[in-house]
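The values are calculated or read from the model by the stated rules, or taken from the named source; none is laboratory data. Just so it is clear, the model here is predicted, and its values are computed rather than measured. Positions of Cβ are generated from backbone atoms using ideal geometry, with glycine treated the same way; all protein chains shown enter the neighbour counts. Each accessible area value is taken on the protein alone, full model and side chains, heavy atoms only, with ligands, DNA and RNA left out. Shrake-Rupley method; radii C 1.70, N 1.55, O 1.52, S 1.80 Å.
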Amino acid sequence: VRCTQLGFRLAALPVAPRYGKMLLTAISVSEDMDEPIIGHACAIVAALSVGNLTCWEPVNEDLDADVGKGGVGDHELVRAQKEAQRRLLEAQRKEAPRWSTLRDDAEGLLWLMGGYSWAARGGDAAAERFCKANRVNVRNIGEAHSLMQQLAELLQRRLSLEAIGTKLELPLQLKPPTAAQSLKLRECIIDGLIDRVAVNCPDLGPHAYLCADLGKEIPVFIHNASNVHRHRPRPTVLVFNEIISTNRPCMRDCIAVDPTLLARRASAGDCPLLKLGEFLPVPAPRYLREQDHVLAFCSPSYAPLGFTLPTIEISVPADMIFRYKVFAKALLEGQVVPGMPPTGARLLAQPNIVLNAPTNPRVSGLVGALWANRVGSRAELIRKWTEDSRFLLEGYLKWLPAGLHDDVCVSWPPLDAARGKRRR
């Protein structure tokens, strides 16, 4: 057993590996952003690591059937008035703090951590007033705030953030994230909690979800302290931090997930929990000449639950032979190199058979060479021709009439045409 480079980097961080993965992903995506999200990721990781930041209990929406019963001699109108007053007083005592009105717990925790970081700047008294006004556990959020600052300092020192053009202003004073930052931050959270995905399953009961931790037979529910529990409509897919058991299993720290984000995450091909599945024949796969990419539609799935994700169009990965089949078809149709095949030439077989007849000698002769050398784009083809001038010639001639073989052999390889140059 050998530790990978990612493992060594995770071991350098004083948090659980899943939280360390969030931080490393945030550093990676911040390299291409004008406004980095490393500080926001430190806040989310610290809040999830400590947990139980709030001490506010929401008003119970499911009142008992006998709640409105008054005295025996009370008039019906009097009992209704008393019940209305009781509910009003209860709602006033449990007035919802601002963070509880946000969409999910990621936004709520980030609001709390950011607000506390600015309140703590004014001293202990200001921090306590913030906690009291927002129904926050003083001890826990203070611990999370300290951890956030420690993580930021550690990342700055050990991972040399300045070397990649990113510098954190310490101590962290978080500002509300922009829409672009929020989207990237949500992707970082998904990266760390990819094994804790829950999918809505109304067949098992109202508001029931399925997760890999409990299997496909045991439903799990959203904890009533979660912002997701109060938000309507509830998400089809979410990720959670932990499961606690009361009278039924409930998920804490829930973050709503757009299934499309999971589908695009599957296209990276580096997560065993997300499978690309088969590429769809309709809409047909295609080669884009301008971008020099092979694109195809597929319906990825979340493997532990067998949940099918939305159909998306992706750039076919280099480790899949389907990419080279589509590229070979485009090559035979003249989409890759101008003049290949020669103008007016009639091929001995239709290019479409490349996708459906892998055992055909013509298909295997062309696709086999592309697959063996991992040539699936015009740039890769030109690079291979500069190394081996006879590459692909034998397989290509099988598609042409014998009368064209001599002319093709003389002009092979068509590097000038591939590079867009004109012959003099």
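Taking Cα atoms, how many degrees apart are the long axis of helix 138-158 and the longest axis of the chain, rounded to 10 and kept between 0 and 90?
30
Could you state the number of Å between the C-alpha centres of segment 161-218 and segment 292-365?
34
How big is the convex hull of the Cα atoms of segment 208-249, per residue, in Å³? It would help to have the intermediate numbers written out before the result.
Details: hull volume 3.4 nm³, N = 42.
It comes to 81 Å³ per residue, whole-number rounded.
I need the per residue convex hull volume for segment 130-219, using only the alpha carbons, in cubic angstrom as a whole number.
Dividing the Cα hull volume of segment 130-219 by its residue count gives 186 Å³.
Using amide H atoms built in the peptide plane, which far-off residues or other-chain residues are under 5 Å from Val136 H to H?
The answer is Cys55.
Obtain the radius of gyration and the Kirkwood radius of segment 270-422 from its C-alpha atoms and give Rg over Rh. If you can, show how the numbers build up before the last one.
Details: Rg = 16.8 Å, Rh = 16.5 Å.
We get a ratio of 1.02 for segment 270-422.
Of (i) 25.2; (ii) 22.9; (iii) 26.1, which one was derived for Kirkwood radius over Cα pairs in Å from the structure shown?
Computing Kirkwood radius over Cα pairs in Å and matching it to (i) 25.2; (ii) 22.9; (iii) 26.1 gives (iii).
Along Cα→Cβ, 7 Å out, is where each label goes; now give me the distance between the ones at Asp270 and Arg2 in nm to one decimal.
1.8
Over all alpha-carbon pairs in segment 315-385, figure out the percentage whose distance exceeds 15 Å.
Summing the P(r) tail past 15 Å for segment 315-385 gives 51 percent.
Considering segment 134-180, what Rg and Dmax in Å follow from its alpha-carbon atoms?
13.3, 41
Looking at segment 225-332, which chymotrypsin sites (Phe, Trp or Tyr not before Pro) are in a loop (DSSP not H, G, I, E or B) and have at most 15 other Cβ atoms within 10 Å?
For chymotrypsin sites (Phe, Trp or Tyr not before Pro) across segment 225-332 that sit outside H, G, I, E and B with at most 15 neighbouring Cβ atoms in 10 Å, the list is empty.
Of the cross-linked pairs Lys216/Lys275; Lys21/Lys175; Lys21/Lys275; Lys167/Lys384; Lys132/Lys184, which ones have a Cα-Cα span greater than 30 Å in the structure shown?
Exceeds cut-off: Lys167/Lys384; Lys132/Lys184.
For segment 194-211, take each phi angle, set θ = phi - 60°, evaluate the Karplus expression 6.51 cos²θ - 1.76 cosθ + 1.60, and give the result in whole Hz per residue in order, putting x for glycine and proline.
5, 8, 10, 9, 10, 10, 4, 9, x, 5, 8, x, x, 6, 8, 10, 10, 9
Any idea what angle helix 38-50 forms with the longest principal axis of the chain, computed on alpha-carbon atoms, 0 to 90 degrees, nearest 10?
It works out to around 50 degrees.
Solvent-accessible area per residue for the chain at a 1.4 Å probe radius, Å²?
About 54 Å² of surface per residue is accessible.
Would you mind giving the average projected area, over all directions, of the Cα convex hull of segment 105-155 in nm² with one decimal? Don't skip to the end; give the middle numbers.
On the way: hull surface 14.3 nm².
Its Cα hull, projected and averaged over all orientations, spans 3.6 nm².
Got a number for the accessible area of Thr359? Probe 1.4 Å, square angstrom, nearest 10.
Accessible surface of Thr359 is approximately 130 Å².
For segment 12-55, restrict the atom set to alpha-carbon positions and state the Rg and Dmax in Å.
Both quantities, over Cα of segment 12-55: 11.5, 38 Å.
Using the Karplus curve 6.51 cos²θ - 1.76 cosθ + 1.60 with θ = phi - 60°, work out ³J(HN,Hα) for each residue of segment 269-286 in order, rounded to whole Hz, and write x for Gly and Pro.
x, 10, 10, x, 7, 10, 10, 6, x, 7, 7, 7, x, 9, x, 5, x, 8
Using 0.36 nm per residue, how much length does the chain from Arg346 to Arg390 gain when fully extended, once their Cα-Cα distance is taken away?
13.6 nm
Where in segment 106-136 are there trypsin sites (Lys or Arg not before Pro) that are in a DSSP coil and have at most 15 other Cβ atoms within 10 angstrom of their Cβ?
Passing both the DSSP loop test and the Cβ count: Arg121.
Mind giving me the FRET efficiency for Arg286 and Arg419? R0 is 22 Å, r the Cβ-Cβ distance, nearest 0.05 is fine.
Numbers: r = 22 Å, r/R0 = 1.02.
Calculated transfer efficiency: 0.45.
Only loop residues by DSSP count here, and only those with at most 10 other Cβ atoms within 10 Å; note down the trypsin sites (Lys or Arg not before Pro) in segment 309-392 that meet that.
Of the trypsin sites (Lys or Arg not before Pro), the ones in loops of segment 309-392 whose Cβ has at most 10 other Cβ atoms within 10 Å are Arg346, Arg390.
When the accessible area of the chain is computed with all protein chains present and a 1.4 Å probe, what percentage of it is carbon and sulfur?
51
For the Cα atoms of the chain, what angle does the longest principal axis make with the long axis of helix 321-332, in degrees from 0 to 90, nearest 10?
40
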